[in-house]
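Below is one structure; the comments refer to it alone.
The values are calculated or read from the model by the stated rules, or taken from the named source; none is laboratory data. Since the structure is predicted, the reported quantities are computational estimates derived from the model, not experimental observations. We place every Cβ from the backbone using ideal geometry, glycine too, and count neighbours over all the protein chains shown. Accessible surface is based on the protein model in full, side chains and every heavy atom, while ligands, DNA and RNA are left aside. Shrake-Rupley method; radii C 1.70, N 1.55, O 1.52, S 1.80 Å.
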Amino acid sequence: MLASTFDTYRGCCLIETARQLEQAAKAGLAPALFGLHEYPGVDHGFSTNGSKRRDAAAGALKRTVEHFRRYLGGAS
């Protein structure tokens with residue numbers, strides 16, 4: 001999960017909720033299936049093309065591609 005620390009959009013994407021999900025996953029049967037990476041100082045939509053924080057958007061895209069390559073295979 002890629003989560004922004006300042007996200008308050010409709011109360012659905014709060015960093016506290018993301019942290020709780022991470023803790024629940026770690027306590028579960030398959031803790032490796034869920035990972036959380038926090039992006040400090042950005043808000044909802046930080047990983048989209050219209051983001052004002054291009055560094056965060058680029059980092060999120062890179063992590064997403066790495067995740068898919070790791071778990072789905074494919075060319076480097």
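If the condition is being modelled with pLDDT under 80 and under 15 Å from Ser4 (Cα atoms), then segment 21-49 contributes only Thr48. Of all the criteria given as (1) more than 27 Å from Leu72 (Cβ to Cβ); (2) surrounded by 15 or more Cβ atoms within 10 Å (Cβ to Cβ), the one not satisfied by Lys52 is (2). Filtered by the rule that a residue be open to solvent by less than 70 Å² (accessible area, probe 1.4 Å) and either touching a Leu at 6+ places or on another chain (Cβ under 6 Å) or touching a residue at least 24 places away in the same chain (Cβ under 8 Å) (or both), segment 29-44 gives Phe34, Gly35, Leu36, His37, Glu38, Tyr39, Gly41, Val42.
Of the residues making up segment 11-59, those that are among the small types (Gly, Ala, Ser) and in a loop (DSSP other than H, G, I, E, B) are Gly28, Ala30, Gly35, Gly41, Gly45, Ser47, Gly50, Ser51. Among the residues of segment 4-50, the one identified as small (Gly, Ala, Ser) and touching a His at 6+ places or on another chain (Cβ under 7 Å) is Ser4.
Restricting Ala3, Ala18 to those that are open to solvent by less than 80 Å² (accessible area, probe 1.4 Å), hydrophobic (A, V, I, L, M, F, W, C) and in contact (Cβ under 8 Å) with a residue 24 or more places away in the chain reduces the list to Ala3.
Of the residues contained in segment 7-25, one or more are found to be in contact with a Cys (Cβ under 9 Å, 6 or more places away or on another chain) and more than 23 Å from Tyr71 (Cβ to Cβ).
Mind checking which residues of segment 60-76 are open to solvent by 60 Å² or more (accessible area, probe 1.4 Å) and part of a helix (DSSP H, G or I)?
Keep residues of segment 60-76 that are open to solvent by 60 Å² or more (accessible area, probe 1.4 Å), which gives 61-63, 66-72, 74-76.
Leu61, Lys62, Arg63, Glu66, His67, Phe68, Arg69, Arg70, Tyr71, Leu72 - these are the residues of segment 60-76 that are open to solvent by 60 Å² or more (accessible area, probe 1.4 Å) and part of a helix (DSSP H, G or I).
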